[in-house]
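The values are calculated or read from the model by the stated rules, or taken from the named source; none is laboratory data. This one's a predicted model, so the numbers in the text were calculated from it and none came from an experiment. Quick reminder, even Gly has a Cβ in these numbers, built from the backbone with ideal geometry, and neighbours come from all protein chains shown. We work out accessible area using only protein heavy atoms, side chains counted, and drop any ligands, DNA or RNA first. Shrake-Rupley method; radii C 1.70, N 1.55, O 1.52, S 1.80 Å.
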Amino acid sequence: MYPEPEFEPVPIRVVLPDGQEIVGRLHARRQLPEGWVYLVSIPVYQNTTDGYVEPAEYRMWLRPQGHLRPVEGTSYDSVPTERLAPPSLVEQTLGPRRPSGWVLEKLGGRHGRSQAVVHAADCVEAPTDTPRMSLDQALDAAGRPGVRLCSICGAAQELDPALQGFDAVSGSDDR
């Protein structure tokens, strides 16, 4: 077998911040969770230590939207491409995993009783500046007077069975 030839970067139009377009070279592309980025280079000049000017290349990762345009007649099929790993069968079936942990939102209280709400860590109502609690800590907090479980994020549905006992939730009776 012969070794594969090294990839020769292909031309791509780079849109500069002032709207000018120059032709650069596309070296690679990478898929990230938030979208694609492309490794491109543009020709520039640089000063040498002895005071001369020499040609150079400046490389950067750019998002294609608004920053890059294809050069007509150029094929991009051979550009080295790094794709995200496909989701596992479990992720495809169940969807993305919820972040772990619980958050206690302190609401203050009347007549000396504290009021608080236990939220799932990703709840839209949860405070962002509060440390996460473990399941045991969340159950301890939920068992205190004046603390309720959020119904928006499902904390009530997830923690109530552990607080009340699973028999109370399923309606089974051992009589």
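Before moving on, here are some points about what is shown:
- Summing charges over all other residues whose Cβ lies under 13 Å from the Cβ of P127, with Lys and Arg as +1 and Asp and Glu as -1, gives -2.
- Multiplying the residue separation of V53 and V15 by 0.36 nm and subtracting their alpha-carbon distance yields 11.2 nm.
- With the helix formula -39500 (n - 2.57) applied to DSSP H stretches of n ≥ 4, the chain reaches a computed 222 nm mean residue ellipticity of -4000 deg cm²/dmol.
- Under 11 Å, Cβ to Cβ, from R83 - net charge with Lys/Arg +1 and Asp/Glu -1: +1
- Using only side-chain charges placed at the Cβ, +1 for Lys and Arg and -1 for Asp and Glu, the dipole size of the chain relative to its Cα centre rounds to 640 debye.
- Note: region 39-117, Cα convex hull, 331 Å³ per residue.
- Extension gain for D136-V124 works out to 2.1 nm (0.36 nm per residue, less the C-alpha to C-alpha distance).
- Along its first, second and third principal axes, ordered by size, the chain spans 87, 47, 30 Å in Cα coordinates.
- Solvent exposure of the chain amounts to 75 Å² per residue of accessible area, where only protein heavy atoms count and the probe is 1.4 Å.
- Sparse-neighbourhood loop sites, trypsin sites (Lys or Arg not before Pro) in region 57-145 - DSSP loop, at most 15 other Cβ within 10 angstrom: R83, R97, R110, R113, R132
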